[in-house]
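Down below is the structure, laid out as structure tokens.
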Amino acid sequence: MRVVEIPSSLDYRNVDAVFAEAAAAGAEPVLFDARRLRWIDPNGMLALLCAGQVASANGAAARLSLPAGGDVVGYLDRMGFPAAAASVFQGSPRRAVRTPSRASDVLLEITSIATNSDVHDVVDRVQSRAGAILSRTLRYPLAAVVQFSVILSEVCQNIVEHADGPGWVAAQRYNWTRRLGRQVLVIAVSDVGRGFRDSLAEEHAERFGDRWGDVTALEAAFLMGLTRFPDTGRGQGIQQIRKQVARWQGLVSIRSGTARIADSPSWHPSPPVVDGLPRFPGAQINLVLPERIDD
Amino acid sequence: MTERLAHGRHGDAATQPGAIDVAAIVTDAVASRGHNLVTRPTGRAVREAIEQRLALAAASPARKPPSPHVMLIDFTRVRILDFSCADEVVAKLLLRYQGPDRPGNIFFLFRAVDEMHRHAVEEVLERHGLAAVCDVGGGFQLLGPATPEERKAWDTLERCERIGPRDLAEALGELGEPLLIGLARRRLAYWSGNCGAAALSALARTR
């Protein structure tokens, strides 16, 4: 059995190592050893679920060991991680999702997205909590809850329309005191579906010739708004997400295949495109919305 | 384009506007989920329900609307309108009724496209090169791409409500007629040849 050590802190900055080890396991059974885990964000949780799915898809049994106690366990419970993990990892105890209190930082527990009906449910469900977090914590205008709901809808539809398989979404507020000196809202969306390159290949690969690959596919979708549908009305979702997140001075990145593409704000300088990452079969979208600061 | 409203002069024409409550369609035709208009299939289902309602009305002698007539697509009770739904319910509906093979001679107005909806509507119109007449809270406006001359002509017509053939040159200059005919081709105004032009909002108010 291959053991994949999960670091004590897991978020969007270090999930690639987990993907790499999960993919390298081949048909070997995999134990994701997260007993040392102390801190995890929505991207980390969804990455664990995706890595487990990748390992299972290779024909191996995937198991997960979580810490026996501590704050992180309570947090995982509040985010509904055990319930989601039970559908991925063998022998994972299925515990009920704890309903967050009104004061909880959880905006959206880990939610499976497989159909458009799931997208409706998510949008309906986040209304009251999103209003409170966006206006009181991030100090966005009241109307931002509608814009946020539209973003959430579009980003979840990406799973339904392009992944050809189920995925998850989760969102959580954090106080990035040391990193940014501000509160942020982190929204993670992941699937282990076809990925951008495969989704767009039939419609666009020929035109790009030898240049076609994960980077080209991400650029085509992210920068040019291309989709696999030959319809000029399609492809607006990602474009509009980028525009709105930029207005809020947020971060948006998409990871698919061996590449990542991002719109990075000034507080998070990073290259717009990264290639040569460990292969991730589906797509992982990361949004970070920072608290508004007065001009 | 030279058209006549059903009863001749547009001032007394049978142009009682129809109105379609989009939120009611979301609830009835799609699912009982509140009034959030999100996801492409939902938008498509709502557009198809609107088209079906228009087709049924056209097929029913008792309810048959005059041709052409103005239909108000009312988003007043819709809370969230995402881009996929705006594309289906606004852009694709307009496209369906724009060409010569349109299923009915209907002009569309959109209501309660306030700031929360306006952005989504403008983006999808831009993407398709369409324009639409929308009530954004403070009266009807022309949304979507249009030349400055088209906008000026549309604004003038909206202000005057109707412009007869004799007043055309005074109101809009020599290019008034071709501009209004162009707006009518884009289904943004009504042009009746002998009787001049009418703003869609004026027709919608006409009993």
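Here, each number is a calculation from the coordinates, and none is a lab measurement. What you see is a predicted model; the values in this text were computed from it and never measured. Cβ: placed from backbone, ideal geometry, glycine included. Neighbour counts: every protein chain shown.
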**OP:** Normalise the Cα radius of gyration of segment B:40-123 by 2.2 N^0.38 Å (N = residues in it) and let me know the number.
**Re:** 1.11
Original post:
If the protein assembly as shown were replaced by its equivalent ellipsoid, with semi-axes equal to the square roots of 5 times the Cα gyration tensor eigenvalues, what would those be, largest first, whole Å?
Top reply: 50, 22, 21
**OP:** Could I have the simple spin-label model distance between A:R279 and A:E28, label points 7 Å from Cα toward Cβ, reported in nm to one decimal?
**Re:** 1.7
Original post:
Once the Cα atoms of helix B:115-128 and of chain B are each reduced to a long axis, what angle between those two axes, in degrees from 0 to 90 to the nearest 10, is obtained?
Top reply: 70
**OP:** Specify the angular offset, from 0 to 90 degrees and rounded to the nearest 10, of the alpha carbon long axis of helix B:148-160 from the longest principal axis of the alpha carbons in chain B.
**Re:** 80
**OP:** Among DSSP beta bridges whose residues both lie in segment B:18-204, state the antiparallel percentage, nearest 5.
**Re:** 35
**OP:** Would you please state the base-10 log of I(q)/I(0) at q = 0.26 1/Å for segment B:106-170, with intensities from the Debye formula using one equal scatterer on every alpha carbon?
**Re:** -1.18
Original post:
Which of the helices in chain A, when you take each full DSSP H run, stretch at least 15 Å along the axis at their Cα atoms and have an average Kyte-Doolittle score of -0.5 or higher?
Top reply: A:42-57, A:144-158
Original post:
Just how far, in whole angstrom, is segment A:117-152 from segment B:69-105 if you go by their alpha carbon centroids?
Top reply: 26
Subject >> Area projected by the alpha carbon convex hull of segment A:141-215, averaged over all directions, nm² >> reply: 7.4
Subject >> Binned Cα-Cα distances of segment B:18-204, short to long, each 5 Å bin given as a whole percent >> reply: 1, 8, 17, 20, 19, 15, 10, 5, 2, 1, 0
Subject >> Degrees separating the helix B:176-185 axis from the principal Cα axis of chain B, which is the longest one >> reply: 30
**OP:** Work out the P(r) tail for segment A:35-90: percent of alpha carbon pairs separated by more than 17 Å, whole number.
**Re:** 33
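Taking only the alpha-carbon atoms of chain A, what semi-axes of the equivalent ellipsoid follow from 5 times the gyration tensor eigenvalues under a square root, in whole Å, largest first? Present the calculation step by step, with values, prior to reporting the outcome.
Values: eigenvalues 140, 134, 61 Å².
The equivalent ellipsoid of chain A has semi-axes of 26, 26, 17 Å.
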